[in-house]
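These notes concern the structure reproduced below.
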Amino acid sequence: MNRKTLWNVSLILLSSFMLVQCTPKGNDKFIDDLMSQMTLQEKIGQLNLLPTGPITTASGQNTDILDDIRRGEVGGIFNLKGVRDIRIAQDIAVKETRLGIPILFAMDVIHGYETIFPIPLALSCSWDMAAIEKSARIAACEASADGIAWTFSPMVDICKDARWGRVAEGAGEDPFLGAAIAKAMIKGYQGEGLKNNNEIMACVKHFALYGASESGRDYNMVDMSPNRMYNEYFLPYQAAIEAGAGSVMSSFNDINGIPATANKWLLTDVLRKQWGFNGLVTTDHSAIVELTNHSIGNLESVSARALQAGTDMDMGSRAFVAQLEKALKDGKITENDIDIACRRVLEAKQKLGLFEDPYRFLSDERAESEIYTESNRAEARKIATETFVLLKNENQLLPLQRKGKIALIGPLGNTRTQMQGTWAVAAVPSKYSTILEAMQRNVGERATIRYAKGSNFMYDEKFEERTWVNKGELPHLDDEQLLKEALEIANWSDIIIATLGEPAELSGESSCRTNLEMPDAQHDLLQALVKTGKPVVLLHFSGRPTVMNWEQKNVPAIMNVWFAGSETGDAICDVIFGDVSPSGKLTTTFPQTVGQLPMYYNHRNTSRPQDKDKWFEKFRSNYIDVTNDPLYPFGYGLSYTTFDYSPMKLSANELNIKNDSLIASITISNKGEYDADEIIQMYIRDIAGSITRPVQELKGFQRIHLKKGESREITFTITPELLKFYNNDLDFVCEPGEFELMIGPNSRDVERCKFILTE
Ligand code: BGC
């Protein structure tokens, strides 16, 4: 044995010994002991969170990251997939570093791991908290089976501007619904509180206000009043913290002049002091180095500022590793600042049980048997059916019968790479079916299906390239030829199913748009299909609200299917052939034109509100060229059946501020021919407040199943707590006075009545 090997072996022995010695007793003493042995460099190393591609490659091993680990400069690694590679990295951390501190492995497991669920915006349209929790639970089980202990999800940024591509990753525009979804996701990921090895740490992002980036453009600034922050944007983050989220990711944007990543008010005063968060804060990718672009100092001073603001881990910048020692020498930070952050990283590892067993999430058996299972796929298929929003269904064109000649036309009809939508790092598209394959399986011999691509996504090939369309699967072909083939099939058919819209990466990060109409080539194709006179069903793919005026006017049936994940094809068949009635309802307003943005239902009134029956009046708050109405309002979505809403009843007209409650009841009847789910929504308006109050705010919802002919009375309880808001002093209060209560199938078509909150 040479000297180096001997040295390594003794290091291994020493670190294994220390691991045994360090077995935690679940209290701080373990971390105190560990930290007392750590050098400054080792502490700073724990704050470093690095991305990496595969370690095992065709040409051998990618040793860069492994060398970083050996040097003790890595606390966490993200987006490395697979037990084999993760074990290689963990082995080095545990066996080849002085103290053997395990690495925390993270990934953007956003809407599923290999079993991909619909994109988060779509999931929110199910309004089904149990199903959303289940989707996160399944994602956690699969990810943890493959070595992942930490997910960068949920994204709970409220967004009112559909130009922002990342609206796809959140739960829409409403804070009440957003908060409920945030809680469900945290519960799903963290299960019983990270006790078991199929529970992973959640990370609430992007803290804060990222969905309000100016002009709907990524990484942009946010300038916002505290009133608006607290009443309209903060609720989902806070709900996630209350639900026990283990970590938070700060956002890229600045907030009133101070970037979130260096914002002490945000990361310490609000997050830790007001909300009591005691977990780990990571930056977003490269956010510390990017602070220099915000013009608030050089790398050394921004690193110091980020640390002192309350950042614990530096994702992808390597700024802490490069700068903190110097910042300490220069007196910009103290060793205690580093200790605080290091302790939080170690505590997260401790909560995840990594000190007891660094290999806790590394099991070949689990990886083999618990990922993309039949039962996980069945759940994904089921929830996908709940997310589709039927926007129009003239003459009950849908559901279709499994008979005759079906033309499936459009670039999204026979692809497996586009179905999962944005942010699906672990997806394996080769395992997923295309819509054509699923449909052929579903109808069997009963109908004949022919497929044509019909058009490219857009005429401009360069634009298409920017959306990362997989050229192997979807090459850019000759426009005329594509149209010709499509029209031949369209003319042959009895019915046309058009699969059109955004390619998967036309929404998501760095996919902000100024034009929200269907891309040109597809729009021309759709017009040509409608012109054939054959009935057309538009299955519309999008990761955001889009502008669909022409479609609404000219296409008889439209269903927004978003990006429904790995089981898209089967889920679409379940709905279009009538096995399941569509039940999704919009969680973002669809505008008539981009010029109306930002657009959202829970706006405040103006001094000259538009008269409902007049679309334009001089000197009122309206546009001269278009009404103030959305194309489709928040909460909107049709069903194959019709639901009748009875007049609403209130248990009393008054409610006392001291702990009283009111019951609102309404009977819903399924009057149509299909068993179906309905989502009933309750909104409240505070008629006179100490500050201006929104025209309506969602304050309750229920998703129920009614068989055809069935009726059910449902009730909502209204308490003073539900009427609270942040006043001008940011006190959370409810104010006595008159309120309007609204219940209905969407935010527009509501029954109204009034009640009074008394002192
Ligand atoms: C995104 C985050 C993501 C991170 C790590 C960033 O670009 O903004 O949402 O978690 O990358 O992949």
Can you give the angle from 0 to 90° between the axis of helix 83-96 and the longest principal axis of the chain, with both taken from C-alpha atoms, to the nearest 10? 30 degrees
If Asp478, Asp494 are placed from fewest to most neighbouring beta carbons inside 10 Å, the sequence is Asp478, Asp494
Order these by the 10 Å Cβ neighbour count, fewest first: Arg544, Arg305. Arg305, Arg544
Using 10 Å bins from zero, what percent of all Cα-Cα pairs in region 641-758 falls into each bin? 13, 43, 28, 12, 3, 0
If each residue of separation counts as 0.36 nm, what is the full-extension length gain between Ile258 and Lys195 once their alpha-carbon separation is subtracted? 18.9 nm
Gyration tensor (alpha-carbon) shape descriptor, region 209-251, a/c threshold 1.5: oblate
Please give the helix 299-309 orientation as an angle from the longest Cα principal axis of the chain, in degrees from 0 to 90, rounded to the nearest 10. 70 degrees
Modelled FRET efficiency - R0 51 Å, Ser690 with Asp32, Cβ distances, 0.05 increments: 0.55
How far, in degrees from 0 to 90, does helix 479-492 lean away from the longest principal axis of the Cα atoms of the chain, to the nearest 10? 50 degrees
Looking at the calculated P(r) for region 67-161, what percent of the C-alpha pair distances fall above 16 Å? 60 percent
Helix-only estimate, please: 222 nm mean residue ellipticity of the chain, summing -39500 (n - 2.57) across DSSP H runs of length 4 or more and dividing by its residues, to the nearest 500. -8500 deg cm²/dmol
From the gyration tensor of the Cα coordinates in region 371-494, what semi-axes in whole Å does the equivalent ellipsoid have, largest first, with each one equal to sqrt(5λ)? 24, 24, 14
What is the distance in Å between the Cα centroid of region 182-215 and that of region 106-132? 12 Å
The exposure ranking of Ser639, Ser286, Ser607, fewest beta-carbon neighbours within 10 Å first, is Ser607, Ser286, Ser639
Euclidean distance between Cα centres, region 291-344 to region 721-741, Å: 40 Å
P(r) of region 291-342 in 5 Å steps, Cα pairs, percent per bin? 4, 24, 36, 26, 9, 1
Rounded to the nearest 5, what % of the DSSP beta bridges within the chain are antiparallel ones? 55 percent
What do you get for Rg/Rh over the chain if you use C-alpha atoms and the Kirkwood form of Rh? 0.99
For Asn656 and Asn554 in the same chain, what is the full-extension length gain: residue separation times 0.36 nm, less their Cα-Cα distance, in nm? 31.6 nm
So if R0 is 22 Å, what FRET efficiency would Asp330 and Gln41 give, r being the distance between their Cβ atoms, rounded to the nearest 0.05? 0.85
Gained length - Ser607 relative to Lys431, 0.36 nm times residue gap less alpha-carbon distance: 57.8 nm
Looks like region 382-594, by Cα gyration tensor root eigenvalues a ≥ b ≥ c and the a/c under 1.5 rounded cutoff (else prolate when a/b is bigger than b/c, oblate otherwise), is rounded
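Each value in this text was obtained by applying a stated rule to the coordinates, not by laboratory testing. Note that this is a predicted model, so its numbers are computed, not measured. When we count neighbours, we look across all protein chains shown, and the Cβ atoms used for this are built from the backbone with ideal geometry, even at glycine.
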